[in-house]
Structures are given as C-alpha cells and as structure tokens.
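A quick write-up on the structure given underneath.
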Amino acid sequence: MIRVQDEDFDIGAEITRMTEGSTEIGGLASFVGLVRDYAGDEQISSMTLEHYPGMTEKQLERLEAEARERWDLQDVLIIHRYGKLDPGDRIVLVVTASPHREASLESCHFLIDWLKTKAPFWKLEEKESGADWVDARETDSVAAGRWVRVSDT
Amino acid sequence: MQILYFGWVRTRVGHGKEELSPPDDVGTVADLIDWLKGQGDGYAHAFENAAAIRAAVNQEIAPHDAEIADGDEVALFPPMTGG
C-alpha cells in the first residue's frame, strides 16, 4: 500500500496494522527518513517537500509492484509526506514484510534507493542564507543503479 | 497543452502550471524546452541548461526525444529528490 500525505505517521501503529492477524509474516524491515537540521555547514530551519500529485502515486505504486515482483513479500507499505517539515520530522516510511529476513531487508533497501531518484519530490531547504533547492546527489543515482538488472538494460 | 513546472524550474519560471499552444514544429520534449527558452527571462534562466531538465509526459517519465502533442500534460523539473 502507498500513501502520500501531509500529516505525520505513527510507525508503531502502522506496523501493528500490517501484522495484526497476519501470523504468516516472519519478519519486517523498515526505514524511516527524517529531516536533518544541517546541510553542509549550515543550519536548516525547515524543509518543504513539493511533489507532483497524480504522478507521485503512480510512481510509488510502480515501485511497490517492482519490489513485489523481485522478492517474496507478504506486504509493502510506503508513506511519503509533503509540505513544510521541521528538523527531526519524519518524511518517509518504508516497511516490507516477508516469511524470511532476506526478502524484507533487501527490498526495503531497494525501495528507499529507488524512491530517491524515481519519486517526483523536490526539497526546498530554508537556511540562514536563504532558501535553496536540494540538488540530486550522484551517490543516490549510483545507489539506485545497483538495483538495475542486466535484463532491464 | 498543459505544462507543469516543479522545483527550481517552477521558481525560475515564476508559476507552476500553464496552458500553452506551442507552434506546430514543436514535436518533442527537447523542442518544447528550446521554444520555452525564448518566452522570457524567467524561462531563459530555467531552461539555460537543457541537460539538467527532466520531463514527464502524461505523468510518465519521458526522455527529451519523446514526442508530444496537443492535449498532452507535460511536466518539466530538475532531477527528483525523493525519500
């Protein structure tokens, strides 16, 4: 399941909802992305996430489908927030559930790597020197590239 | 044609959405970027480096040589920074 929302999420409640009554699940892997309070050597007072309504949902659904096709997963949850966030706020939650740990751990890593470069979000950081759009990082595209299969190229 | 801008493309252009009718010889995303460059200072700034621009046509990621037509929704934006 995917959700795009401006409100916060409760990690414990989300995991409880996923596992309640699903005793076939052997393990969950989760990743939580947070707003840092610095960029380089500058303090950040807030971060605003802009996204492309409509396309965002489509892309996240596609990422979920890709993870389910590659790994034996019993459940997938992706929650991505948008709007103005403060340092320490939660931005994104990825939870994957599988009978054995490899599938959930690997697919969680895959999903967060691909979210970085394939989910239509843009981040504006408010700093003392003014507002700056966050540049895509080369290391993120390298991380995403690790998951490209030979058969896809 | 509905055109959408995000991230620094939007702030440089000055708005996030507009309805435009590019001339007939604008047949691809690359043509559109090139044509937009001539639509004013904000556009010239936003599209000065075409290689830095990513695109989606009808909400699907599209390369610069993708064809576009009347009625399409075309979005132009910097590389995505999700997660």
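Assorted remarks:
- Counting Cβ atoms of other protein chains within 10 Å of each Cβ in B:45-56 and taking the mean gives 1.
- Computed packing ranks the peptides B:67-74, B:49-56 as B:49-56, B:67-74, most packed first, by mean other Cβ atoms within 10 Å.
- In terms of its alpha-carbon gyration tensor, chain B comes out rounded; the largest-to-smallest axis ratio a/c stays below the 1.5 threshold.
- About the centre of its Cα atoms, chain A shows a dipole size close to 440 debye [charges on the beta carbon of Lys, Arg (+1) and Asp, Glu (-1) only; nearest 20 debye].
- For the peptides B:39-46, B:8-15, the ranking by mean Cβ contacts within 10 Å, running from highest to lowest, is B:8-15, B:39-46.
- Taking only the Cα atoms of the protein assembly as shown, the ratio Rg/Rh comes out at 1.01, with Rh defined as the Kirkwood radius.
- Placing +1 on the Cβ of every Lys and Arg and -1 on the Cβ of every Asp and Glu, with nothing else charged, gives region B:2-77 a dipole about its Cα centre of roughly 500 debye.
- Ranking of B:Glu60, A:Glu128 by count of other Cβ atoms within 10 Å, fewest first: A:Glu128, B:Glu60
- Sorting B:Lys17, A:Lys118 by the number of Cβ atoms found within 10 Å of their own Cβ, with the fewest placed first, yields B:Lys17, A:Lys118.
- Using alpha-carbon coordinates, inclination of helix A:101-118 to the longest axis of chain A, degrees: 40 degrees
- Per-residue 3J(HN,Hα) values for region B:11-21, derived from phi via the Karplus relation 6.51 cos²θ - 1.76 cosθ + 1.60 with θ = phi - 60°, read 5, 6, 5, x, 7, x, 7, 7, 9, 10, 10 Hz in sequence order (x marks Gly and Pro).
- Between 0 and 90°, nearest 10: helix A:55-70 axis offset from chain A longest Cα axis: 40 degrees
- Mean ellipticity per residue at 222 nm, deg cm²/dmol - from DSSP H runs of n ≥ 4 across chain B, formula -39500 (n - 2.57): -6500 deg cm²/dmol
- Peptide A:115-124 shows a mean partner chain C-beta count of 6 within 10 Å per residue C-beta.
- Take every Cα pair under 8 Å whose residues are at least 6 apart in sequence, average their separation, divide by the length of chain A, and the relative contact order is 31 percent.
- Separation of region A:1-52 and region A:65-98, taken as the distance between their Cα centroids, equals 7 angstrom.
- Inter-chain Cβ neighbour average for residues A:55-66, partner chain, 10 Å: 2
- Comparing B:Thr81, B:Met1, A:Phe31 along the charge dipole axis of the protein assembly as shown, the residue lying farthest to the positive side is A:Phe31, per the Cβ-charge model.
- Pairs of lysines in chain A (C-alpha under 17 Å apart; 8 or more residues apart or interchain): 4
- Likely footprinting exposure, A:Ser98, A:Ser129, fewest C-beta neighbours within 10 Å first: A:Ser129, A:Ser98
- Summary value for region B:2-77: 38 percent relative contact order, contacts being C-alpha pairs under 8 angstrom separated by 6+ residues.
- Extreme residue, positive dipole direction of region B:16-59, given options B:Phe47, B:Ser21, B:Leu36 (C-beta unit charges): B:Phe47
Each reported figure results from applying straightforward, stated rules to the coordinates on display, with no laboratory input. Here the structure is a predicted model, which means the values were calculated and not measured. Backbone-built Cβ (ideal geometry, glycine too); neighbour counts: all protein chains shown.
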